[in-house]
Amino acid sequence: MSETMNTLLNPSLTYHYDKISCMKGAYFAHVVFCYFVMLTGAAAFVSRVVPSYKWTHVWFGRGYIISMLWATATSLVIHNSGLPPATLISFVWVMGGLTIGWLI
């Protein structure tokens, strides 16, 4: 009973039936990554238009893809139907591998 009450009074996450279903910190990370999507997308466009900055287009594009991946990942964690912690940990490992793959 006390564990349930602590979860009800804790606004940072929702934990029930041994699953995490909502995390407050993921919302703020989602907003940051969405801003990165907008900024890197605009920078990639500008680097394509201005001939002297064409060499940066590839890196802005990679930043755009990585930001889009992490914005999607954080949106899945903001509110879901309840994921076990092991699933969330494996999800972080997969996203880390995708990020490294796009940078290499």
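Read-outs: derived from the displayed coordinates by stated rules, not from any lab. Since the model is a prediction, treat every value here as computed from it, not as a measurement. Quick reminder, even Gly has a Cβ in these numbers, built from the backbone with ideal geometry, and neighbours come from all protein chains shown.
Key figures for this structure:
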| read-out | value |
| --- | --- |
| Sites residue 100 and residue 49, calculated FRET efficiency, Cβ-Cβ separation with R0 30 Å, nearest 0.05 | 0.50 |
| Gain on full stretching of the segment that runs from residue 89 to residue 35 - 0.36 nm per residue minus C-alpha separation | 17.0 nm |
